[in-house]
Amino acid sequence: MNVLVKSATIVDPKSDFHNQTVDILIKKGLISQISKGIQNPKNYKEIKLDGLHVSQGWFDSSVSFGEPGFEERETIENGLKTAAYSGFTSVAVNSNTNPVIDSYADISFLKSKSANHAVNLLPIGALTKRSVGIDLAEMYDMTSAGAVAFYDYQKPIENPNLMKVALQYASNFGGLVCSFPQESKITGLGVMNENITSTSLGLKGNPALAEELQIARDLFILEYTEGKLHIPTISTAKSAELIRAAKLKKLDVTCSVAIHNLMFTDDNLISFETNFKVLPPLRTRTDIDALIDALKDGTIDMVTSDHNPLDIEHKKIEFDYATYGTIGLESAFGALNSIFTIKKTIELLTKGKERFKVKNAPIAVGNEANLALFNPNEIYRFSSENIISTSKNSMFLDQELKGIVHGIISNNQLILK
């Protein structure tokens with residue numbers, strides 16, 4: 001693939017060309033020249049777009065596709081296409097399929113299905129067999145096949161000894177253990193944040209305490225085992241405080257927050273719109289402010305779309321019985337860019353790479369072209385026309401977002417809308 005990118009502003013603090021508007025010449029997938037006024041040498045394809053910016057390709061640490069087993073929700077092929085059109089060059093894919101991804105063969109299947117695609121699919125294997133929380137899955141074998149972490153998606157590990165053994169075992173080969181922050185016995189049948197809003201709506205509440213207890217437990221176990229832990233999608237102010245204190249103690253812990261938990265509160269559930277039913281639930285404005293502060297000071301390491309496609313049968317039903325989840329890849333950049341500066345937005349979309357074994361090379365001559373192409377300034381209203389996913393369960397519908405994505409250059413391929 002040979003491409004000449006014209007008049008693009010580079011957003012990459014690690015690059016010598018950060019904040020400069022330049023041309024980028026790419027030959028056979030490698031950056032061969034960066035300067036102003038590059039002449040097209042051999043009629044290469046030119047990319048020239050209004051307000052064009054480029055950065056390192058983005059990474060999402062928690063994406064769900066349907067395949068295998070739930071192809072009606074999303075296939076791997078269309079899921080990776082959605083990621084590419086949304087600016088992501090690498091996505092870590094959860095194990096919540098049918099069957100659950102919990103073996104060497106399952107990881108190999110995902111790697112095979114995604115081979116030769118512009119977007120790198122990084123499989124997350126189940127932490128326990130069939131994600132039922134009883135016996136550890138084949139963690140070492142899955143690592144050999146290409147798994148980057150281990151996680152029972154949105155299922156807490158209730159047995160503390162099992163979490164202890166998982167952290168100890170994974171430390172032998174540098175495995176990353178993920179633990180969903182929820183104490184199920186506290187959560188009970190709660191379907192939204194426990195607050196005055198849940199009381200007024202007559203819905204059972206899921207208190208912040210349930211998340212915070214589980215995080216406190218896991219951090220104690222982490223300190224004991226000296227393992228390596230990632231806590232996905234925290235949602236409360238106290239959770240951020242607990243992780244901040246753990247980092248001061250030099251524990252090997254990282255965490256993420258879902259982008260929708262930075263934009264919406266439990267007040268959005270007043271209309272009983274099931275697209276707003278997510279796990280962890282939408283919390284309060286106080287929690288959002290604390291999470292944003294924690295992102296700014298580095299306590300929270302990364303953001304995720306927590307993209308979870310669900311067919312209409314799982315959403316167009318009574319709120320209590322609707323399945324948790326929203327899609328988010330397509331709206332991720334526009335939502336984040338509405339909250340933070342463009343520099344911080346790009347930082348948050350690339351920061352988690354090292355933790356999940358993703359290459360993180362700056363935009364420089366001689367490096368592989370791994371780029372997101374976007375315009376950070378265009379304001380638009382997100383609609384169904386912006387959805388590329390097979391499933392349409394987005395809580396961002398009709399929201400005003402800032403910034404559009406044109407596509408990516410990755411793995412010697414150009415993907416443009």
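Model label points for Tyr321 and Arg381, set 7 angstrom from Cα along the Cα-to-Cβ axis, are 3.3 nm apart.
Pull out a ≥ b ≥ c, the square roots of the eigenvalues of the alpha-carbon gyration tensor of the range 80-227, then state rounded if a/c is under 1.5, prolate if not and a/b is larger than b/c, and oblate in the remaining case. Oblate, because a/c is 1.5 or more while a/b does not exceed b/c. For the peptides 285-298, 166-179, the ranking by mean Cβ contacts within 10 Å, running from highest to lowest, is 166-179, 285-298.
Taking every DSSP bridge with both residues inside the range 263-417, close to 90 percent are antiparallel. Shape analysis of the range 219-343 yields a ratio of the Cα radius of gyration to the Kirkwood radius, Rg/Rh, of 1.01.
Taking a straight Cα-Cα cut-off under 16 Å and skipping sequence neighbours fewer than 8 places away in the same chain, the lysines within cross-link reach of Lys129 are Lys155. Straight-line cross-link partners of Lys113 among the lysines, defined as a Cα under 18 Å from its Cα and at least 8 positions apart when in the same chain: Lys81. Here, the chain is characterised by an Rg to Rh ratio of 0.96, where Rg is the alpha-carbon radius of gyration and Rh the Kirkwood radius. Net charge in the neighbourhood of Ala83 (other residues with Cβ under 12 Å of its Cβ; Lys, Arg +1, Asp, Glu -1) is -3. Of the residues Asn308, Asn375, Asn393, the one that moves most in a GNM of the chain with alpha-carbon contacts below 10 Å is Asn375. Each other residue within a Cβ distance under 14 Å of Phe374 adds +1 if Lys or Arg and -1 if Asp or Glu, for a net charge of -1.
Each Cα pair of the range 166-246 feeds into the Kirkwood radius, which the Stokes-Einstein equation turns, at 4 °C and 1.567 mPa s, into a diffusion coefficient of 94 µm²/s. Straight-line cross-link partners of Lys164 among the aspartates and glutamates, defined as a Cα under 20 Å from its Cα and at least 8 positions apart when in the same chain: Asp102, Asp135, Glu138, Asp141, Asp152, Glu183, Glu211, Glu212, Asp218, Glu223, Glu226, Asp252. Where both bridge residues fall in the chain, DSSP classifies roughly 50% of the beta bridges as antiparallel.
Considering all different alpha carbon pairs of the range 24-93, the Kirkwood hydrodynamic radius works out to 14.9 Å.
By the helix-only formula, in which each DSSP H run with n ≥ 4 contributes -39500 (n - 2.57) and the sum is divided by residues, the chain has a 222 nm mean residue ellipticity of -7500 deg cm²/dmol. Counting charges near Leu30 (Lys, Arg +1; Asp, Glu -1) among other residues having Cβ under 15 Å from its Cβ returns a value of +2.
Rounded to the nearest 10 square angstrom, Met1 shows an accessible area of 50 square angstrom against a 1.4 Å probe. Say a paramagnetic label sat at a point 7 Å from the Cα of Val365, along Cα to Cβ; which residues of the range 1-38 have their backbone N under 12 Å from it? Under 12 Å, as judged by backbone N against the label point of Val365, lie 25, 31-36 of the range 1-38.
With bins 10 Å wide beginning at 0, the percent of Cα pairs of the range 280-417 falling in each bin runs 10, 34, 37, 17, 2, 0. Each peptide in 311-318, 81-88, 4-11 was scored by the mean count of other Cβ atoms within 10 Å over its residues; highest first, the order is 81-88, 4-11, 311-318. Note on the range 14-134: Rg/Rh from C-alpha atoms, Kirkwood Rh, equals 1.11.
Label separation (Arg285 vs Gln20): 4.4 nm, computed from points 7 Å beyond Cα along the C-beta direction.
Taking the chain as a Gaussian network of alpha-carbon nodes connected by springs under 10 Å, the highest mean-square fluctuation of the residues Leu209, Leu279, Leu373 belongs to Leu209.
The values are calculated or read from the model by the stated rules, or taken from the named source; none is laboratory data. Computed from a prediction, not measured in an experiment: that's the story for all the values here. Every residue, glycine among them, receives a Cβ derived from its backbone with ideal geometry; neighbour counts consider all protein chains shown. Note: areas computed on protein heavy atoms with side chains; ligands, DNA, RNA excluded. Shrake-Rupley method; radii C 1.70, N 1.55, O 1.52, S 1.80 Å.
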